[in-house]
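So the structure is just underneath, and the comments pick up after that.
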Amino acid sequence: MATASEANLPTSALRALLDATPAAVGCFDGALRTAYANTAFTMATGLQEGSDASEQLPPLVEAIRDVQRGGTPRRVRVGRSRMPVSGRLFALEGALVGMVLDAGAHEALAALVDEQSALRRVAMLVAAAPAADEVFRAVAEEAGRLLHGTSAATIRYDEEHAWTVGRWGEERGFVVGTAVPLRDSEGLTATVRQTGRAGRIEDYDGVRGRAAELMRRNGYRSAVAAPVFVGGKIWGLLLVSSGDGSLGRDAERRLAGFASVLALAVESAEARAELNASRTRILEAGMAERRMLERNLHDGAQQRLVALAVQLRVLERRLEDRETAERLLHGAVEELEQALAELRELARGLHPAILVDRGLAPALNALAARSPLPVQVEGVPRERLSPALEAAVYFVVAESLTNAVKHAEATAVQVRVTRAAGDLVVEIADDGRGGADPEGGSGLRGLADRVDALGGHLSVSSEAGRGTRVRAELPEASGS
Ligand SMILES: Nc1ncnc2c1ncn2[C@@H]1O[C@H](COP(=O)(O)OP(=O)(O)O)[C@@H](O)[C@H]1O
Ligand SMILES: [Mg+2]
């Protein structure tokens, strides 16, 4: 920057003064580098000390060159995308050019600061995950106040209507719960839905439809609205209206910021709801498994043990009748062996000891060997993986094999494990009749939840007549 000899101020003192002034001051050297920028200048233009004006603000370059060539001080407008500001350029010494932004820049800056603070307040509120209606109300309020509107609303679409779900400002019409039809309307709710773009109506006189009629009747003249997109689909809109005139040139762009925060809030609320649903399903699946276990114990092993006890009691009384006793004893031993086999089978379903003791490959081979269908297993890693990952793969394979036996009328099943891009991928394919439907039972959905919980993804392709393929992609880092 300039030496301060004329002012008799050391450079460091001059720099301290410029740093402290609220005016926006910057200097450019012969190479169009920003040699000095105070905080206000950086906030208004985006240029920091050391940054290149020709890269970041091409419109400024001509003017700086002109002043460097000895031209007179001149005013320039710096059109940044968000906030055009203007200022005065003057020669300092050598190739150095100074620039002071004028009062308009301060207003623009103040407006930007207001907007950023309002957005930050909404973002902080959203981060605290309050009830949805509180978010809808708060976003409407911040947007309405910022644009100096008379009132504002958060509005959500269903198939045919626009519903007011959040409201701020004068209580004229459109209370929360109001629905207006989208058909035969030229109002903003209808046009924003059609175009997917922000829109504005400067004067509601002569605008067709029920929404416009309500606006007129409640004394509103103009309104601006921005769409809210959730998951790539239009969810609703944010609307600010005014009773006494225009809402400002830049209103659409400013509203869009609030619409994005609102979209994030809705998305994260939906994600939370989905997570809760998945947790509930895991709990329910656990309970269903337990009920099934009780039933199996009741119908199977328990019945056999009861029968065994009865036989032994009869045997006790028949000990002198050797032939009958021998027959009963023989039957009892058989019942006992069956009961043991069933208990072992049940225990295996609960707690695959072989998986915990020896790992995935032996456990999957054991599953395959036990299946009544021929099952080919390939690609299973020999090394141990995290317990959660091993368990997930095991249960995906176990359930899919059970399904192939129970539902598919298959003649063979193939199990293949591969690794791709940090994922462990397991696929189970049968050659049965297809038509598997995760909504039709609890097994596949339980698998999807289990895989989800590890950050993975489960897919089922099962066209009728073309077999069923269950595929789970599991991040290898999961559960470790
Ligand atoms: N491999 C398969 N072949 C054909 N149909 C299947 C297969 N797997 C599942 N299905 C069908 O999809 C439904 C859902 O499966 P699942 O979620 O495992 O529930 P469940 O096995 O408890 O009935 C089954 O009821 C069955 O009708
Ligand atoms: Mg099943």
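Counting only residues that are crowded, with 19+ Cβ neighbours inside 10 Å and either modelled with pLDDT under 95 or within 15 Å of ligand 2 (Cβ to nearest atom) (or both), how many does region 408-433 have?
6
Of all residues in region 315-360, how many are in a helix (DSSP H, G or I), at pLDDT 85 or above and buried (at least 16 other Cβ atoms within 10 Å of the Cβ)?
1
I'm trying to understand the selection: among the residues of region 450-480, which are aliphatic (A, V, I, L, M) and either more than 13 Å from ligand 1 (Cβ to nearest atom) or not assigned by TED's automatic domain parsing to the domain that holds Val397 (or both)?
Val451, Ala453, Leu454, Ala472, Leu474, Ala477
Pairs under 9 Å by beta carbon, first residue without any contact (Cβ under 8 Å) to a residue 60 or more places away in the chain and crowded, with 18+ Cβ neighbours inside 10 Å in region 436-449, partner part of a helix (DSSP H, G or I) and acidic (Asp, Glu), six or more apart or different chains?
The qualifying pairs are Gly443/Glu399; Leu444/Glu399; Leu447/Glu399.
Pairs please, first residue from region 404-419 and within 11 Å of Arg469 (Cα to Cα) and touching a residue at least 24 places away in the same chain (Cβ under 8 Å), second anywhere and within 16 Å of ligand 2 (Cβ to nearest atom) and in a loop (DSSP other than H, G, I, E, B), Cβ atoms under 6 Å, 6+ apart in sequence or on different chains.
Within 6 Å, the pairs are Ala404/Ala410; Val413/Leu373.
Could you please let me know if Val375 is in contact with a strand residue (DSSP E or B) (Cβ under 6 Å, 6 or more places away or on another chain), assigned by TED's automatic domain parsing to the domain that holds Ser461, more than 20 Å from Val460 (Cα to Cα) and away from ligand 1 (no atom under 11 Å from the Cβ)?
For Val375, the condition - in contact with a strand residue (DSSP E or B) (Cβ under 6 Å, 6 or more places away or on another chain), assigned by TED's automatic domain parsing to the domain that holds Ser461, more than 20 Å from Val460 (Cα to Cα) and away from ligand 1 (no atom under 11 Å from the Cβ) - is not met.
Looking only at residues in region 421-444 that are within 25 Å of Ser278 (Cβ to Cβ), among the hydrophobic types (A, V, I, L, M, F, W, C) and not in a loop (DSSP other than H, G, I, E, B), which one is nearest to ligand 1 (Cβ to nearest atom)?
Taking the candidates together, the pick is Leu444.
Within region 173-192, which residues are assigned to a loop (DSSP other than H, G, I, E, B) and either among the hydrophobic types (A, V, I, L, M, F, W, C) or in contact (Cβ under 8 Å) with a residue 60 or more places away in the chain (or both)?
Phe174, Val175, Val176, Leu182
Can you name every residue in region 148-184 that is surrounded by fewer than 21 Cβ atoms within 10 Å (Cβ to Cβ) and closer than 16 Å to Glu252 by Cβ?
His148 - this is the single residue of region 148-184 that is surrounded by fewer than 21 Cβ atoms within 10 Å (Cβ to Cβ) and closer than 16 Å to Glu252 by Cβ.
Any residue at all in region 265-282 that is surrounded by 14 or more Cβ atoms within 10 Å (Cβ to Cβ) and within 21 Å of His148 (Cα to Cα)?
no
Filter region 185-210 for residues that are over 18 Å from Arg249 (Cα atoms), of a type in the set (Gly, Ala, Ser) and surrounded by 13 or more Cβ atoms within 10 Å (Cβ to Cβ) and give the result.
The answer is Ser185, Gly187, Ala190, Gly209.
Within region 436-445, can one find any residue that is within 27 Å of Leu385 (Cα to Cα) and either away from ligand 2 (no atom under 16 Å from the Cβ) or touching a His at 6+ places or on another chain (Cβ under 7 Å) (or both)?
Checked region 436-445: no residue is within 27 Å of Leu385 (Cα to Cα) and either away from ligand 2 (no atom under 16 Å from the Cβ) or touching a His at 6+ places or on another chain (Cβ under 7 Å) (or both).
Using beta carbons and a limit of 6 Å, which pairs, at least six apart or on different chains, have the first residue in region 87-101 and within 10 Å of Gly70 (Cα to Cα) and the second one surrounded by fewer than 16 Cβ atoms within 10 Å (Cβ to Cβ)?
Close Cβ pairs satisfying both conditions: Phe90/Pro73; Ala95/Gly30.
Which residue out of Leu458, Leu474 is under 23 Å from Ser278 (Cα atoms) and within 16 Å of ligand 2 (Cβ to nearest atom)?
Being under 23 Å from Ser278 (Cα atoms) and within 16 Å of ligand 2 (Cβ to nearest atom) holds for just one of Leu458, Leu474, which is Leu458.
Assess whether Leu447 counts as being within 12 Å of ligand 1 (Cβ to nearest atom), closer than 18 Å to Leu360 by Cα and under 24 Å from the mean Cα position of the chain (by Cα).
Spelling it out, Leu447 is indeed within 12 Å of ligand 1 (Cβ to nearest atom), closer than 18 Å to Leu360 by Cα and under 24 Å from the mean Cα position of the chain (by Cα).
Hey, can you tell me all the residues within region 41-53 that are surrounded by 15 or more Cβ atoms within 10 Å (Cβ to Cβ) and either over 12 Å from Met99 (Cβ atoms) or in contact with an Asp or Glu (Cβ under 6 Å, 6 or more places away or on another chain) (or both)?
Those that are surrounded by 15 or more Cβ atoms within 10 Å (Cβ to Cβ) and either over 12 Å from Met99 (Cβ atoms) or in contact with an Asp or Glu (Cβ under 6 Å, 6 or more places away or on another chain) (or both): Thr42, Met43, Gly46, Glu49, Ser51.
The values are calculated or read from the model by the stated rules, or taken from the named source; none is laboratory data. All values reported here derive from a predicted model rather than from experimental measurement. Every residue, glycine as well, gets a Cβ built from its backbone with ideal geometry; the counts of neighbours run over all protein chains shown.
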